[in-house]
């Protein structure tokens, strides 16, 4: 079963469920779900998505799509919730919004987008769905629903979309209403999301004509290959009226030629190299460089080096890396790649020294922090690695991998309580509360740690136990 077909489903197809079959939530006088309930539903679905091998855990790509997303969110109307942008590995061209501000992009979309403005147009459209609270408006029409039940059923329906047999079983079980009803609702909201998306694009400085250009290209593709239509055309109904409406909206707007950012070009090259075999990647990127098919050689050489590393040709990778560093001396992504080349070619000290030189220039760059900390650990410098990670955490870069690295630092330094405390935080951020509680219990029995550390660990243990009890209570009520 392909998880990525699960992801290809638009939120509004996900929510075409029989509301009457679900338990009511709270007071019957309520007419919509709250933002907190939306977030709860989104988190429930995301816990499953994050455990899939198709969830792309690549910090360079993730940081880029979040930077792009928040640039657009900053110009969106009615934004009252957090957003999180993420990527899944799927060659199909699609994007989707989940409850609570979670927006996913397919790798196929990023690779297929012919400009950064086209990619931004799709992201702006999904932000439009979220900012207009289409989920809550759907439930306003469909009575009350049980959030916990809906999360489970939404996941079941998503999975069913990847298998006709499962889809038929879901229909037989009455898990979702008439498809045409859901489709009509989706079309109505697609138009509204387009309208809002155009406004967001314009205010964010992107080319608004990228939206109708992208839709028109997909529509032509749909006409030519109806049996294998782009996923975006299937999950976001693509009608002549919709394309014409967007074209009319942008017709009177000022023309704006917007160059693609280097980060966009490098991310596309990164995903292309990831998708291809090592040999095919080398051939593809060498052709781009020799034929001068791009405005700049930087993305092509970046992709070539990634392909050479996949081939384990580290000698040539290091040679090409020197040229790339000269071509793009101010790129954090290029700097991070150089460190990886040095590490992979068996030079951890050289990598640590290099990271030390560039870390001050890019203090908030997560991939560089990750890789620098790893290089310091590999060169037996856990104290320096711990300081680097602690500084990153103090800047708000709180994620599970940073805490995992911090746990390794404390382990190397023999600080067992702190080791288990950091490991607990890594588990908690991944949603594994029982494992986090167990780590804190082990740490408190380790026999080390000062009074402050012990008190802090005990308070955190109590907090996690309460959270775990609340979650278990919710599960029993499903």
Checklist entry - Only one of 373, 385, 392 is buried (at least 21 other Cβ atoms within 10 Å of the Cβ) and at pLDDT below 95; which? => result 392
Checklist entry - Do any residues in region 235-252 that are closer than 21 Å to residue 206 by Cα have Cβ atoms under 6 Å from those of residues that are part of a loop (DSSP other than H, G, I, E, B), where the two are at least six apart or on different chains, and which pairs are they? => result 250/208; 250/209
Checklist entry - Can you find a residue in region 351-360 that is in a loop (DSSP other than H, G, I, E, B), without any contact (Cβ under 8 Å) to a residue 12 or more places away in the chain and at negative phi? => result yes
Item to check | Which listed residue, of 332, 352, 326, is out of contact with any strand residue (DSSP E or B) (no Cβ under 6 Å at 6 or more places or on another chain), under 22 Å from residue 268 (Cα atoms) and surrounded by 17 or more Cβ atoms within 10 Å (Cβ to Cβ) | outcome: 332
Checklist entry - Does residue 392 count as within 21 Å of the chain's Cα centre (by Cα), closer than 19 Å to residue 64 by Cβ and outside any loop (DSSP other than H, G, I, E, B)? => result yes
Item to check | Of all residues making up region 304-313, the number that are touching a helix residue (DSSP H, G or I) at 6+ places or on another chain (Cβ under 6 Å) and surrounded by fewer than 19 Cβ atoms within 10 Å (Cβ to Cβ) | outcome: 2
Next on the checklist: For residue 258, only one of the following conditions fails: (1) out of contact with any helix residue (DSSP H, G or I) (no Cβ under 9 Å at 6 or more places or on another chain); (2) at pLDDT 85 or above. What is its number?
Outcome noted: (1)
Next on the checklist: I'd like to check something: does region 280-289 contain any residue that is within 30 Å of residue 210 (Cα to Cα), free of Cβ contacts under 8 Å to residues at least 12 places away in the same chain and in a loop (DSSP other than H, G, I, E, B)?
Outcome noted: no
Checklist entry - Quick one: residue 47 ticks every box in (1) out of contact with any helix residue (DSSP H, G or I) (no Cβ under 6 Å at 6 or more places or on another chain); (2) modelled with pLDDT of 75 or more; (3) assigned to a loop (DSSP other than H, G, I, E, B) bar one, so which box is it? => result (3)
Checklist outcome for this item: Being more than 20 Å from residue 322 (Cα to Cα), crowded, with 18+ Cβ neighbours inside 10 Å and modelled with pLDDT of 90 or more narrows 251, 291, 272 down to just 272
Next on the checklist: Based on this model, can you work out whether residue 368 counts as farther than 18 Å from residue 330 by Cα and free of Cβ contacts under 8 Å to residues at least 40 places away in the same chain?
Outcome noted: no
Checklist entry - Can you find a residue in region 334-348 that is in a helix (DSSP H, G or I), farther than 27 Å from residue 288 by Cβ and modelled with pLDDT under 95? => result yes
Checklist entry - For residue 76, are the conditions met, namely being modelled with pLDDT of 95 or more and either crowded, with 23+ Cβ neighbours inside 10 Å or in a loop (DSSP other than H, G, I, E, B) (or both)? => result no
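The values are calculated or read from the model by the stated rules, or taken from the named source; none is laboratory data. The structure displayed is predicted, hence computed values, not measured ones. When we count neighbours, we look across all protein chains shown, and the Cβ atoms used for this are built from the backbone with ideal geometry, even at glycine.
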